1. Check off (1) within 19 Å of Asp54 (Cα to Cα); (2) surrounded by 15 or more Cβ atoms within 10 Å (Cβ to Cβ); (3) without any contact (Cβ under 8 Å) to a residue 40 or more places away in the chain for Trp134 and give me the number that stays unchecked.
2. If the Cβ limit is 6 Å and pairs must be 6+ apart or interchain, which residue in the range 22-40 that is farther than 20 Å from Pro158 by Cα and touching a residue at least 24 places away in the same chain (Cβ under 8 Å) pairs with which residue that is surrounded by 12 or more Cβ atoms within 10 Å (Cβ to Cβ) and among the hydroxyl-bearing types (Ser, Thr, Tyr)?
3. If I filter the range 154-166 for residues that are surrounded by fewer than 17 Cβ atoms within 10 Å (Cβ to Cβ), basic (Lys, Arg) and over 26 Å from Pro22 (Cβ atoms), do I get at least one hit?
4. Scan the range 68-78 and tell me whether some residue there is modelled with pLDDT of 60 or more and either of a type in the set (S, T, N, Q) or surrounded by 16 or more Cβ atoms within 10 Å (Cβ to Cβ) (or both).
Amino acid sequence: MAFLFDDEPKEEKPSYLYDNEPFEKPQTILYGDKVIVVPRTIHRTAHGVEYKGDEAFWCWCSIEGREQQAGMFSISGSEDKSPQTSGGLREVTVKQILAPEWHADIHAVVWYDGDMYDVDGAAEHREHGITHHWDVKLRRIADWSQIPEALRPRAPVPAEDAPVWGETPGVSGWHELS
């Protein structure tokens, strides 16, 4: 056994001992739901701006509805909530993700329960207590239930060998990947 101020080098466990262990889902709130995340990049051309997202990933998380939050259709209570001639009312922060691992930015799209959501603002890394996690706000893009089944967009299917966010031991964000 080595102590802190010993001259003897400490024994280090080889990292390959646990590399091939199958993932065992923890029984915590952060592993209650599984969503599809599509990170996207912006491509600017002479014809405008286009979002491109090539790869989809599964992400373990907890989805919380924000239906009881005040100001559902506005940022503040003093804003005009009457429909305009164009646009209309827009949902504000209807879902919130708490995820143990997150690698996307504000341009990502999240698919959950058949609906597509935009990430609303930057993901925040919460480091309090023992539950380090990412807090991500979502805004629903469209209510697909109003569109006939045959015309609804389909969520992309992640590749078989794509990493599942939340299953990488010791990694919580893109900055920790090697």
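The values are calculated or read from the model by the stated rules, or taken from the named source; none is laboratory data. Keep in mind it's a predicted model, so treat the numbers as computed, not measured. Cβ coordinates were reconstructed from backbone atoms using ideal geometry, including for glycine residues, and neighbour counts include every protein chain displayed.
1. Every condition holds for Trp134 apart from (1).
2. These pairs meet every condition: Ile29/Ser62; Leu30/Ser62.
3. yes
4. The answer is no; no qualifying residue exists.
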